[in-house]
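A.B. asks: One structure, pasted below without further comment.
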Amino acid sequence: PAPDLETIVSLAKRRGFVFPSAEIYGGFANAYDYGPLGVELKRNIREAWWRSMVQERDDVVGLDAALITNPLVWVGSGHVANFTDPLVDCKRCQRRFRADHLEEGAYGEVPRDANGNPLCPYDGGELTEPRQFNMMFRTQVGPVADEANMAYLPPETAQGIFVNFVNVQQAMRRKLPFGIAQTRVSFRNEITPGRFIFRTLEFEQMEMEYFCMPPRDRDNPTEYLALHRQWVEERLRWYIEVIGIAPERLRLRDHDRDELSHYSAATTDIEYLFPWGWGELEGIAARTDFDLSSHAKLSGQPLTYFDEETGQHVVPWVIEPAAGLTRTLAVVLLDAYSEEPDEKGEKRVVLKFKPRLAPIKVAVLPLSKNDALRPTARRVYDMLRPLWMTQYDETQSIGRRYRRQDEIGTPCCVTIDFQTVGEDGQPGDDCVTIRDRDTQEQVRVPISGLVAALEERVPR
Ligand code: ATP
């Protein structure tokens with residue numbers, strides 16, 4: 001069973017994954033800082049995504065577009081007009097809520113009036129009628145804070161891809177179908193209290209726009225919907241096989257007609273069973289030609305593709321798998337958490353990360369804090385550090401140090417003992433012990449073969 005959220009929040013802070021932001025000033029709602037292990041975990045998830053989506057494919061290329069750009073981008077995309085959430089205010093305490101989140105249970109069971117309308121979850125006060133609130137953060141470029149200098153912080157990464165479609169297609173001489181991938185920070189003025197890093201003001205996304213030929217029949221785009229399905233399957237496979245999420249805690253949810261945006265032909269969410277219930281992890285949307293057409297209309301620039309076969313300029317259709325990197329990090333922590341008996345039958349906490357994701361791949365542990373062991377242990381540490389994220393630890397008992405490494409999900413511990421270095425005038429055997437995080441099995445290998453032995457267990 002998944003641990004409760006408090007267990008993960010406290011482990012994440014105690015062991016240097018995620019800290020509440022600006023804690024010394026009392027923190028800040030929906031903002032978190034990533035500590036030394038959190039940075040590594042985030043980087044490893046991002047790299048696993050990039051590897052699967054770009055490096056290992058021959059039909060996807062990368063992009064890194066500016067965050068602060070011409071505000072017309074957000075007019076053309078529809079965000080200025082439509083990227084809104086329905087807000088309600090409590091008439092008594094003035095607190096604000098997202099109407100849809102009150103209904104979805106983000107505040108737990110809420111009190112209701114005689115007509116079944118929700119009341120303020122804090123003091124039962126009456127709520128105002130919903131009003132639309134735009135979730136984009138605004139900023140200004142230059143010293144004068146007037147409308148002409150106004151710019152937005154991006155609430156998603158996709159638009160940088162759409163406005164660069166022609167640049168990328170021509171520079172890379174790409175034929176349809178092909179995709180453009182981007183991972184980046186996004187900003188949303190979220191007012192619902194986030195559950196840890198599930199919902200934050202700034203968060204990282206991993207998005208890809210896959211451009212394909214428009215269907216012959218707009219109203220019956222069979223091949224296009226089949227392509228959408230393929231991407232849904234591929235993304236689900238990624239969470240299970242590459243990221244290592246338990247399949248029984250993942251499910252697919254198709255948006256029904258009234259939930260779909262007017263331009264979307266289909267949208268499927270990949271959901272995870274969070275401690276509070278199912279929640280979105282990634283949305284795979286069949287966005288038709290909506291984005292390219294809208295930007296072409298507003299900019300007056302054709303965002304088309306020349307189809308050599310028919311000699312015609314066409315507007316490609318798009319499939320968009322949009323994932324949250326920081327939300328995936330929360331899922332990876334929750335899903336990897338396990339409590340089980342150690343060698344002595346006592347409780348040990350293990351983060352069972354896929355080795356590729358583990359922030360620290362190898363820990364070098366001399367059996368005890370001892371001048372005889374240290375030189376060899378440091379030599380091993382120096383040898384491994386250029387190859388893997390490696391930690392050196394010689395304080396406290398070896399058992400305690402194994403527990404510490406288990407708790408941060410380090411796949412391999414390498415111990416140096418007196419047999420390694422020799423004792424009482426006897427020569428050492430120059431062998432070290434590798435202890436496996438999951439099985440707790442130990443094998444002895446010569447230092448000369450250590451890199452090869454570790455390579456079998458942890459990817460570089
Ligand atoms: P939600 O309904 O949870 O607000 P959404 O449907 O608005 O999400 P999308 O616009 O589809 O989200 O964004 C794609 C992905 O980005 C989401 O599946 C999620 O993983 C991530 N994401 C969106 N908003 C946030 C946020 N405020 N904090 C962290 N991750 C987010």
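A.B. asks: With 335, 289 as the choices, which residue is more than 30 Å from residue 35 (Cβ to Cβ) and either surrounded by 16 or more Cβ atoms within 10 Å (Cβ to Cβ) or within 13 Å of the ligand (Cβ to nearest atom) (or both)?
C.D. replies: Step by step, each of 335, 289 is checked, and only 289 is more than 30 Å from residue 35 (Cβ to Cβ) and either surrounded by 16 or more Cβ atoms within 10 Å (Cβ to Cβ) or within 13 Å of the ligand (Cβ to nearest atom) (or both).
A.B. asks: Please go through (1) of a type outside the set (Asp, Glu); (2) surrounded by 18 or more Cβ atoms within 10 Å (Cβ to Cβ); (3) in a strand (DSSP E or B) for residue 445 and return the number of the only condition it doesn't satisfy.
C.D. replies: Residue 445 satisfies every listed condition except (2).
A.B. asks: Also, I was wondering about something else. Quickly run through region 206-240 and pick out the residues that are farther than 26 Å from residue 156 by Cα and at pLDDT 95 or above.
C.D. replies: Matches in region 206-240: 215, 221, 222, 223.
A.B. asks: For region 46-63, state whether one or more residues are crowded, with 16+ Cβ neighbours inside 10 Å, under 30 Å from residue 138 (Cβ atoms), touching a residue at least 12 places away in the same chain (Cβ under 8 Å) and of a type in the set (A, V, I, L, M, F, W, C).
C.D. replies: Yes, the conditions are met somewhere in region 46-63.
A.B. asks: Which ones in region 309-330 are within 9 Å of the ligand (Cβ to nearest atom), hydrophobic (A, V, I, L, M, F, W, C) and outside any strand (DSSP E or B)?
C.D. replies: 325, 330, listed by residue number.
A.B. asks: Let me ask you something else. Only one residue in 399, 422 is free of Cβ contacts under 8 Å to residues at least 24 places away in the same chain and farther than 28 Å from residue 248 by Cβ, so which one is that?
C.D. replies: Selected residue: 422, the only one of 399, 422 that is free of Cβ contacts under 8 Å to residues at least 24 places away in the same chain and farther than 28 Å from residue 248 by Cβ.
A.B. asks: May I pose another question? Could you say whether any residue in region 359-374 is more than 16 Å from residue 45 (Cβ to Cβ), in a helix (DSSP H, G or I) and out of contact with any Gly (no Cβ under 8 Å at 6 or more places or on another chain)?
C.D. replies: Yes: region 359-374 contains one or more residues that are more than 16 Å from residue 45 (Cβ to Cβ), in a helix (DSSP H, G or I) and out of contact with any Gly (no Cβ under 8 Å at 6 or more places or on another chain).
A.B. asks: Can I ask one more? Just to confirm my filter: which strands (runs of 3 or more DSSP E) fall fully inside region 138-213 and include at least 1 residues that are more than 20 Å from residue 72 (Cα to Cα), within 15 Å of the ligand (Cβ to nearest atom) and in contact with a Phe, Trp or Tyr (Cβ under 9 Å, 6 or more places away or on another chain)?
C.D. replies: Result: 178-187, 202-212.
A.B. asks: If you don't mind, there's one more thing I want to ask. Scanning for something assigned to a loop (DSSP other than H, G, I, E, B), modelled with pLDDT under 90 and crowded, with 18+ Cβ neighbours inside 10 Å, does region 116-132 turn up at least one residue?
C.D. replies: no
The rows are residues; the columns are (1) surrounded by 21 or more Cβ atoms within 10 Å (Cβ to Cβ); (2) touching a residue at least 60 places away in the same chain (Cβ under 8 Å).
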| position | (1), (2) |
| --- | --- |
| 188 | no, no |
| 194 | no, yes |
| 203 | yes, yes |
| 209 | yes, yes |
| 219 | no, no |
| 226 | no, no |
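A.B. asks: Right, next: Among the residues of region 152-185, what is the count of those that are surrounded by 19 or more Cβ atoms within 10 Å (Cβ to Cβ) and either farther than 17 Å from residue 53 by Cβ or more than 26 Å from the chain's Cα centre (by Cα) (or both)?
C.D. replies: Number satisfying all stated conditions: 8.
A.B. asks: Considering only residues of region 233-268 that are touching a Leu at 6+ places or on another chain (Cβ under 7 Å) and in a strand (DSSP E or B), which is nearest to the ligand (Cβ to nearest atom)?
C.D. replies: Filtering first and then ranking leaves 267.
A.B. asks: Counting only residues that are surrounded by fewer than 22 Cβ atoms within 10 Å (Cβ to Cβ) and not hydrophobic (A, V, I, L, M, F, W, C), which one in region 269-280 is farthest from the ligand (Cβ to nearest atom)?
C.D. replies: Result: 275.
A.B. asks: Restricting attention to region 387-410, does a residue exist that is out of contact with any Lys or Arg (no Cβ under 8 Å at 6 or more places or on another chain), surrounded by 14 or more Cβ atoms within 10 Å (Cβ to Cβ), more than 30 Å from residue 2 (Cα to Cα) and not polar (S, T, N, Q)?
C.D. replies: For region 387-410, residues out of contact with any Lys or Arg (no Cβ under 8 Å at 6 or more places or on another chain), surrounded by 14 or more Cβ atoms within 10 Å (Cβ to Cβ), more than 30 Å from residue 2 (Cα to Cα) and not polar (S, T, N, Q): absent.
A.B. asks: So, one more: Kindly list, by first and then second residue, each pair from a residue in region 140-161 that is touching a residue at least 40 places away in the same chain (Cβ under 8 Å) to a residue that is among the acidic types (Asp, Glu) and buried (at least 20 other Cβ atoms within 10 Å of the Cβ), limited to pairs with Cβ atoms under 6 Å and residues at least 6 apart or on different chains.
C.D. replies: Hits for this filter: 157/207; 158/207; 161/209.
A.B. asks: Quick one: is residue 283 within 13 Å of the ligand (Cβ to nearest atom), of a type outside the set (Asp, Glu) and on the phi > 0 side of the Ramachandran plot?
C.D. replies: No, not satisfied.
A.B. asks: Within region 294-307, identify whether any single residue is over 26 Å from residue 255 (Cβ atoms), acidic (Asp, Glu) and over 19 Å from the mean Cα position of the chain (by Cα), and answer yes or no.
C.D. replies: yes
A.B. asks: Show the residue pairs that are 6+ apart or on different chains and have beta-carbon atoms under 7 Å apart, the first residue being within region 170-184 and more than 19 Å from residue 224 (Cα to Cα), the second being β-branched (Val, Ile, Thr) and in a loop (DSSP other than H, G, I, E, B).
C.D. replies: 182/157; 184/157
A.B. asks: What's the number of the only condition in (1) surrounded by 14 or more Cβ atoms within 10 Å (Cβ to Cβ); (2) under 20 Å from residue 203 (Cα atoms) that residue 68 fails to meet?
C.D. replies: It fails just one condition, (1).
A.B. asks: Turning to a different aspect of this structure: What's the number of the condition residue 227 fails, among (1) touching an Asp or Glu at 6+ places or on another chain (Cβ under 8 Å); (2) away from the ligand (no atom under 16 Å from the Cβ)?
C.D. replies: Of everything listed in (1) touching an Asp or Glu at 6+ places or on another chain (Cβ under 8 Å); (2) away from the ligand (no atom under 16 Å from the Cβ), residue 227 misses just condition (1).
The values are calculated or read from the model by the stated rules, or taken from the named source; none is laboratory data. This one's a predicted model, so the numbers in the text were calculated from it and none came from an experiment. Reconstructed Cβ throughout: ideal geometry from the backbone, glycine too, with neighbour counts over all protein chains shown.
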